[in-house]
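Trainee: Handing you a structure now.
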Amino acid sequence: MLVSLIIPCEIASKSVVPALRAMVARELLEHYGLKQEQVATRLGVTQAAVSKYRHQVRGEAVQLESAPEVQKMSRDIASMLSQSPSPIAVSQKLCQACTDIRALGLMCETCHKVDPAWDVEHCTICFGNHSCSELVTIEPSSMGKYRRIPIRA
């Protein structure tokens, strides 16, 4: 029997990170007036990827833009990237945002789509029960705030 195994960081790298990059790219293009090539260099992606982010062809696997918390994260990252920060500082900020996005429950539906057999209703991996839990910066009362999958006893 094949055991279902979901690794949230792997799913986040394929859904949350591209969606966040797309938001940051659009912010840099629209509010900071950077060219696509400049945005690509700062985000560590190709100019073609930035074009796809801009036109919402890429980075749309998980919907993040409706959450005000994520909008703020995106604006903060874009502000940082509009200057010349160290790559380590940018990576840390992106990792922090990803951890917080997961804690908000914005990735639960994506995990469910990846493996419908996964017990998403009772999964709390992203709500502080993982090795990155000390990095969560959102309010504890916001844990799972956007989770649409009901938790049943």
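The values are calculated or read from the model by the stated rules, or taken from the named source; none is laboratory data. Just so you know, these numbers come straight off a predicted model, no measurement behind them. FYI the Cβ positions are ideal-geometry reconstructions off the backbone, even for glycines, and counts take in every protein chain you see.
Trainee: Here are some conditions: (1) modelled with pLDDT under 90; (2) surrounded by 15 or more Cβ atoms within 10 Å (Cβ to Cβ). Ala117 meets all but one. Which one does it not meet?
Mentor: If we test Ala117 against (1) modelled with pLDDT under 90; (2) surrounded by 15 or more Cβ atoms within 10 Å (Cβ to Cβ), just (2) comes out false.
Trainee: Name the residue that is modelled with the lowest pLDDT, counting only residues in region 125-153 that are over 17 Å from Val16 (Cβ atoms) and not basic (Lys, Arg).
Mentor: Ala153
Trainee: How many residues does region 31-86 contain that are outside any loop (DSSP other than H, G, I, E, B) and either surrounded by fewer than 17 Cβ atoms within 10 Å (Cβ to Cβ) or of a type outside the set (Asp, Glu) (or both)?
Mentor: 31
Trainee: Among Ser51, Ser74, Ser15, Ser79, which is out of contact with any Cys (no Cβ under 6 Å at 6 or more places or on another chain), touching a residue at least 60 places away in the same chain (Cβ under 8 Å) and polar (S, T, N, Q)?
Mentor: Testing whether each residue is out of contact with any Cys (no Cβ under 6 Å at 6 or more places or on another chain), touching a residue at least 60 places away in the same chain (Cβ under 8 Å) and polar (S, T, N, Q) leaves just Ser15.
Trainee: I'm told Gln92 meets every condition in (1) over 18 Å from Ala12 (Cβ atoms); (2) at pLDDT 90 or above; (3) of a type in the set (S, T, N, Q) except one. Can you identify the failing condition by its number?
Mentor: The one condition Gln92 does not meet is (1).
Trainee: Restricting the search to region 65-81, which residues are among the hydroxyl-bearing types (Ser, Thr, Tyr) and modelled with pLDDT under 95?
Mentor: Result: Ser66, single match.
Trainee: Return the only residue of Val62, Val45 being modelled with pLDDT under 90 and out of contact with any Lys or Arg (no Cβ under 6 Å at 6 or more places or on another chain).
Mentor: After ruling out the rest, the residue left standing is Val62.
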